[in-house]
Amino acid sequence: MRLRERPPTRRCAFDIAAAGPLADFGALLPVLCTGVALSASAPLEAMQTTRTVGHPALLQAAVALVHGPIDDGYALALHPLATAAWIGMLLTALNLFPAGQLDGGHVAHALLPRTGARAAGLAATTAAALLSTESTIWIAWTLVTSVMTFTNWNTTPWNDPPGAVGAGRRMVAGVLAMTLALCFTPVPLGPIR
C-alpha cells in the first residue's frame, strides 16, 4: 500500500509502520502451531531434499513445545502449514530491518532523530553484508537495504521531536525488536550436511 502523503506526525508514522508486522506476526502464530503439530519426524535418509531451512528461534520453540527433542539421525518434515509459517517469519524478519522504506525503517525514522535513523539503516546494510558470508541469499538483501537506505537518505524531518512518540509506542518498538529476533535466521536456506 502506498500513502498519498506523508504521515503528519511521528506517532502516525509509527502506528502505520508497526501495524503490518504486528498483524502478520499475530496471523502466523496459529498457522505455525497448527503446522508444527501436523509435522512428523522422519529419518534423514528418507527425506527427499537437498536443502534445509533455517531454524528461527520461534520455530525451534514451537517444535520443542510440541514434539520435544528430535532424536539423532531424524529431522522434522515440516507440514505445508509450518512451511507457510516459516515463509511468513522470514518475510516478517526482513521487513523489520531498520532500513529505508521497510516497516522497520519507518519505525526507526519515527523513533529516532534523522542521524539515528540513517545509522540504523547503515547498520542493517552492514549486518546484511556480514551475513552474506553465511548465506549467499544475503548478498541480494545487502543490495536491497543499501538502495532503500540511500534513497531514503534525505527524508524531511518531522516538526515534533522523537520523544513525542511516547513510552507506549517505545514498548511496542521493543515488541517489534523481539519479533525480529524470534523470526530471524542467519541461514534461511542451506544444503543438507
Go over the candidates A124, A129 one by one and state the one that is in contact with a Ser or Thr (Cβ under 7 Å, 6 or more places away or on another chain) and more than 25 Å from L22 (Cα to Cα). A129
Any chance you could count how many residues in the stretch 146-183 are at pLDDT 90 or above, touching a helix residue (DSSP H, G or I) at 6+ places or on another chain (Cβ under 8 Å) and either more than 17 Å from V107 (Cβ to Cβ) or hydrophobic (A, V, I, L, M, F, W, C) (or both)? 8
Might you check whether a residue that is at pLDDT 90 or above, more than 22 Å from M148 (Cα to Cα) and more than 12 Å from the chain's Cα centre (by Cα) occurs anywhere in the stretch 41-56? no
Is the stretch 168-178 home to any residue that is more than 30 Å from T34 (Cβ to Cβ) and not charged (D, E, K, R)? yes
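The values are calculated or read from the model by the stated rules, or taken from the named source; none is laboratory data. Owing to the predicted nature of the structure, the values given are computational and were not obtained by experimental measurement. Heads up, the Cβs are rebuilt from the backbone with ideal geometry, glycines too, and the neighbour counts pull from every protein chain shown.
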